[in-house]
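Structure, as structure tokens:
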Amino acid sequence: PGQIQDLAEAIDVDVEGLYDRVAAGYNQPACIVRSVGVNQAIAANTDVTATYAEEVYDNANMFNIGVSTTTITFPQSGIYVVTNRVTFLSNGNATVNGRQTTLTTTGTLGVVGRKTVLGEQNVSTGVHQTVIFYTEAATTMTVIMRQNSGASLNSSTRHLAVAKVSDL
């Protein structure tokens, strides 16, 4: 009976530890920002920083729309997952070419993600990417949009979600 009691208590300690790790995971810094149906002009062959009109979720003051509509600030050093989507509207131009988004930080890594897809002449083009990387506290991040269709076009929706997943 004594050994069974010791085993039961050891299992309880292990389960509590796992529960605490899950609870701590829910409390990691995270934010989601977006602009839906808010067009932003992107001239051909020009880097344009994506703007966001709405803060959907932010448990760590990572985004302050009153200070900047473009910048996320990482409050803690660690490993983060970032997912980003930009919808590029068509402009009807016969030269289609690429639509690109770049995730750029002020940290030591600089650019942490870049994705380019071929656009469409008469259909919107979505560019989506998910990146995992390490960054230091107080580093900032912006999303840069670019297209080279030969004529200006708009992005209609922009989504950015950031969450810390681990310490290093």
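The values are calculated or read from the model by the stated rules, or taken from the named source; none is laboratory data. Just so it is clear, the structure is predicted and the values come from calculations on it, not from any experiment. Here the Cβ positions follow ideal geometry from the backbone for every residue, glycine too, while neighbour counts run over all protein chains shown. Side chains are part of the model used for accessible areas, which takes the heavy atoms of the whole protein and leaves out ligands, DNA and RNA. Shrake-Rupley method; radii C 1.70, N 1.55, O 1.52, S 1.80 Å.
Could you work out how far helix 2-26 tilts from the main Cα principal axis of the chain, as a 0 to 90 degree angle to the nearest 10?
20
Report ³J(HN,Hα) in whole Hz for each residue of segment 148-161, in order, from the Karplus equation J = 6.51 cos²θ - 1.76 cosθ + 1.60 where θ = phi - 60°; Gly and Pro get x.
9, 7, x, 8, 5, 8, 10, 9, 9, 9, 9, 10, 9, 10
List every residue whose amide H lies under 5 Å from the amide H of Gly119, counting only residues 5 or more places away in sequence or on a different chain, with H placed 1.01 Å from N in the peptide plane.
Sorted by chain and number, the residues that satisfy this are Asn97, Gly98, Arg99.
With the other protein chains left in place, how much accessible area per residue, in square angstrom, belongs to segment 105-163 at a 1.4 angstrom probe?
Dividing the accessible area of segment 105-163 by its residue count gives 45 Å².
Take every Cα pair under 8 Å in the chain that's 6+ residues apart, average their separations, divide by the length, and report that relative contact order as a whole percent.
Computed value for the chain: 34 percent relative contact order.
Nearest 20 debye, what's the magnitude of the dipole of the chain about its Cα centre given +1 on Lys and Arg Cβ and -1 on Asp and Glu Cβ?
1180
Can you list the residues, at least 5 places off or on another chain, whose amide H is less than 5 Å from the amide H of Ser152, using H built in the peptide plane?
For Ser152, the qualifying residues are Ala44.
For Leu18 and Ala151, calculate 0.36 nm times their separation in residues minus their Cα-Cα distance, and state this gained length in nm to one decimal.
Residue separation times 0.36 nm, minus the Cα-Cα distance, leaves 42.4 nm.
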